[in-house]
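> Before we start, here is the structure in question, set down as structure tokens.
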Amino acid sequence: KLVSANLRDDPRETHTAATALLNRPQTELAALRALANRAQADGDVVGALRYAEKALARKDAPDWALKMALDIRISMGSWTDSIAVLDTKLGKTIFEAETHQHLKLKLYVQEAHSALKRGDTATAISAAKKAMAASELNPEAVAAYAKVMTSQGKGQKAANVLEKAWQSNPHHALLSAYRSLVPGETALDWAKRIENLAKTAPDHPETHLAVANASL
């Protein structure tokens, strides 16, 4: 019945057929997947997440449940929960080590930016430090850390971190963070200040481009 309901794309029959299978251990996962997919198709994100997390609670939790829960948490901007899902044993199994580390870094960066916007400095600095710990030279992690430092009145420390990172890997995220060190500065002041950044990697194409744009 569940298969035929899915083939006919009948929401009500799918829900009825899947619900009937939930109480059987051997069919529960199939039922949860059908209900989760149906909820997603209907735009019921909360319902889809509930079914996915119920599947994750099982000892034989499937890959689809983790990926769905992670995608939904990310789409909701629930960065802390997203990291928790990614850091489960299943999450570390599904994703290769390098991919797992990259995803985790991205989530910490997003958490830092989000916390900073709502004025939660403690969470922002914690997330930024964890992003830096995951990859000290990643431009997005460095930029997030610098922005948090700037918000705490530690602009010089932020500048030093950004200049060091630019020397190794010039990147637009670093440039954006460097520009934000001095809010409201004039274009002329910015053109003068960027010279400090340019000195760290004077021959890099990104440096030439940054200086040219500031000069314009």
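The values are calculated or read from the model by the stated rules, or taken from the named source; none is laboratory data. Nothing here was measured: the structure is a model prediction, and the numbers come from that model. Cβ placement follows ideal geometry from the backbone for every residue including glycine, while neighbour counts extend to all protein chains displayed. What goes into the accessible areas is simple: the full protein's heavy atoms, side chains included, and nothing from ligands, DNA or RNA. Shrake-Rupley method; radii C 1.70, N 1.55, O 1.52, S 1.80 Å.
> Which of the following residues is among the acidic types (Asp, Glu), without any contact (Cβ under 8 Å) to a residue 60 or more places away in the chain and within 19 Å of residue 135 (Cβ to Cβ): 163, 195?
Details: 195 fails: within 19 Å of residue 135 (Cβ to Cβ).
Result of the check over 163, 195: 163.
> Right, another one. Can you work out which of the residues in segment 202-216 that are under 29 Å from the mean Cα position of the chain (by Cα) and open to solvent by less than 50 Å² (accessible area, probe 1.4 Å) is farthest from residue 178 (Cα to Cα)?
207
> When the residues of segment 62-81 are narrowed to those that are under 17 Å from residue 118 (Cβ atoms) and among the small types (Gly, Ala, Ser), which ends up surrounded by the fewest Cβ atoms within 10 Å (Cβ to Cβ)? Give the steps one after another, and end with the answer.
Within segment 62-81, the first condition is being under 17 Å from residue 118 (Cβ atoms), and the residues that meet it are 76-81.
Filter once more, keeping what is among the small types (Gly, Ala, Ser): 77-78.
Values: 77: 11, 78: 17.
Among those that are under 17 Å from residue 118 (Cβ atoms) and among the small types (Gly, Ala, Ser), it is 77.
> Output the residues belonging to segment 2-38 that are at pLDDT below 80, exposed (fewer than 11 other Cβ atoms within 10 Å of the Cβ) and in a helix (DSSP H, G or I).
7, 12, 25
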